[in-house]
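Following: one structure in structure tokens, then a few remarks.
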Amino acid sequence: VPQHVWRINLDTPEEAQHNLSFGAADRWWEQTDLTKLILASNKLQSLSEDVRLLPALTVLDVHDNQLTSLPSALGQLENLQKLDVSHNKVRSLPEELLRLPRLRSLFLQHNELSHLPQGLGQLLSLEELDVSNNQLTEIPTSFALLINLVRLNLACNQLKDLPADLRAMKSLRQLDCTKNYLEVVPPELATMASLEQLYLRKNKLRSLPEFPSCKLLKELHAGENQIEILNAESLEHLNSLSVLELRDNKIKAVPEEITLLQKLERLDLANNDISRLPYTLGNLPQLKFLALEGNPLRTIRRDLLEKGTQELLKYLRSKIQDADPASREEPPVTAMTLPSQCRLNMHAITSLKLLEYSEQQVLEIPGDVFDAVGATPVATVNFSKNQLGEVPPRIVELKDSVCDVNLGFNKISSVSLELCRLHKLTHLDLRNNILTSLPEEMEALTKLQIINLAFNRFKVFPSVLYQLPALETILLSNNQVGSVDPVQLRGMERLGTLDLQNNDLLQVPPELGTCENLRTLLLEGNPFRVPRAALLAKGTAAVLEYLRSRIPS
């Protein structure tokens, strides 16, 4: 790299020595510091430590060169947001790289990395990390600290397992583990609530994990493994799945529960050992692509397979009616008609342990809804988007099993004592109601981890929340809260997320900076003067550090 590139911020341009009349475009003394440097697709074998002379860089792109190492001076580029070192011959990363507080995108694919530094989790702003096509055999446990990471690519390495700690990556939407040596997927991975795309192709998996929390998972790619059994439990929670790719495995049967995947658009089961299909597959409303070639199917002729997905689905549907002529006249047994003509999904109650009666605009939940539960241990209740004026009293009947209750988008003005008796509750959603306070009896909810009180009418921070030891997340944005008690908050050892955006906070107590467990503190949209908006934009760690510096000594 020519030396004058590194010195571009420092040196006066050459033409300034000769030219005495400057046009507006030539005012070199008004130039701003260099922010982007692209050196891609050259033949660089090393980068100079002089890179530190460009402290304003936000983008450094050196992909497709012949670099074997990186300069430690990279650690001084504290404004760097994107670093692309892909397609080089880098064998290890300098520790100094871990000091980049604003780094959002780090591209390291196609290098010769055999390990990653343990401290990689210090890059707290990281949203995108690609380490595919290296020689990695393990992932540092500190990855769990990357709670803002949205995309993680680990494809084409030599990984035999994944650390269970990855579940702490609360923002992760895309995880690519294609072409490794994974034999199992840690069950903890299945609790990643934000995950939308999961790639597990070309590994050594014998089964799929259950996915109890992956309600947003849209794509699951697990072709070219050694999966023999497709369990109903692996499918029943995947309400959002649109692509399921399981080609080139050893699957022998498809469970009836596949029909729970109501949003499925593509199903690839080619080259397995499937001999028969559930005819109900024909009822999947969104299915546009179904691949079945290379299976020993007995009930479906080959010429039918060649006619395409729509003909195949039509054939399967006709078989349902042949098998059960009565099904044409009667409603299916999985639906129960209520007086309000709303159908209650009995299958969801028995299989998914889900009681759902949302978006009906009712003033109260009909008794039949609770009657339908019977002895089923319902875990999740969704009564959101109605016109409820109070918490349905009969909800107390579910107290021994229910752990997730959604009463959002109603007109509830107070929390009833019945709700306070749901002692197994871990998630409570009361957003968009007209609440002004919470009863002290709520301290009985000792297992509550997440509470959403956004868009209500709280003028005071509900004091009972300080008494809930398991609380990890408090969402209280868009209320009229005027103050918080930092001493009490500090006692909440598990609290990691506190959202107080758009309230009436006139000041932020400096002692809040001592709440060291807080990973996400959101304060935008309040009338306080300090900390200023520019500081808030730097993120939670910077805000807490600033607050600590203001504590009177």
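Tabulated data for the structure shown
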| item | result |
| --- | --- |
| Å² per residue, accessible surface of the stretch 112-207 at 1.4 Å | 41 Å² |
| Two-site FRET efficiency, residue 213 against residue 394, from Cβ-Cβ distance with R₀ of 30 Å, rounded to 0.05 | 0.65 |
| Residues residue 358 and residue 250, FRET efficiency given R0 of 41 Å [Cβ-Cβ distance, rounded to 0.05] | 0.55 |
| Accessible area of residue 451 in the full protein assembly, 1.4 Å probe (Å², nearest 10) | 0 Å² |
| Inter-label distance, nm, simple model (7 Å from Cα along the C-beta direction), residue 530/residue 59 | 3.6 nm |
| Gained length - residue 41 relative to residue 537, 0.36 nm times residue gap less alpha-carbon distance | 175.1 nm |
| Fraction of accessible area attributable to carbon and sulfur, the stretch 449-553 (%, probe 1.4 Å) | 47 percent |
| Projected label distance in nm at residue 514 and residue 437, using a 7 Å step from Cα toward the beta-carbon | 2.9 nm |
| Computed lengthening from residue 302 to residue 347, 0.36 nm per intervening residue step minus Cα-Cα distance | 12.8 nm |
| Percent RCO, i.e. relative contact order, over the stretch 182-323, from Cα pairs under 8 Å lying at least 6 residues apart | 16 percent |
| Kirkwood-Stokes translational diffusion coefficient of the stretch 346-549, alpha-carbon pairs, 37 °C, 0.692 mPa s, µm²/s | 184 µm²/s |
| Cα-centred dipole magnitude for the chain, charges only on beta-carbon of K, R (+1) and D, E (-1), debye, nearest 20 | 360 debye |
| Label point distance in nm, residue 32-residue 283, each placed 7 Å from Cα along Cα→Cβ | 6.0 nm |
| Stretchable slack from residue 194 to residue 164, in nm (0.36 nm times residue separation minus alpha-carbon distance) | 9.2 nm |
| Total formal charge among the other residues, if their Cβ is under 13 angstrom from that of residue 111, Lys/Arg +1 and Asp/Glu -1 | -2 |
| Where 257, 245 fall by accessible area, highest first, once all protein chains stay in place (1.4 Å) | 257, 245 |
| Relative contact order, percent, the chain [alpha-carbon distance under 8 Å, six or more residues apart] | 4 percent |
| Backbone N under 20 Å from the residue 263 label point (7 Å along Cα→Cβ), restricted to the stretch 209-242 | 209-222, 233-242 |
| Surface/4 estimate of mean projected area, convex hull on alpha-carbon atoms of the stretch 182-323, nm² | 7.5 nm² |
| Peptides 153-162, 484-493 ordered by average Cβ neighbours within 10 Å, highest first | 153-162, 484-493 |
| Above-threshold pairs, the threshold being 23 Å between Cα atoms, out of 252/353; 215/252; 179/250; 160/353; 170/202; 218/399 | 252/353; 215/252; 160/353; 170/202; 218/399 |
| Convex hull projection area averaged over all views, the chain, Cα basis, nm² | 33.1 nm² |
| Of 348, 153, 403, farthest towards positive along the dipole that unit charges on Lys, Arg, Asp, Glu beta carbons give the chain | 348 |
| Relative contact order, percent, the stretch 495-553 [alpha-carbon distance under 8 Å, six or more residues apart] | 40 percent |
| Spatial separation of Cα centroids for the stretch 424-449 and the stretch 251-276, in angstrom | 40 Å |
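The values are calculated or read from the model by the stated rules, or taken from the named source; none is laboratory data. What you see is a predicted model; the values in this text were computed from it and never measured. Heads up, the Cβs are rebuilt from the backbone with ideal geometry, glycines too, and the neighbour counts pull from every protein chain shown. Ligands, DNA and RNA are excluded from the accessible area calculation, which covers all protein heavy atoms including side chains. Shrake-Rupley method; radii C 1.70, N 1.55, O 1.52, S 1.80 Å.
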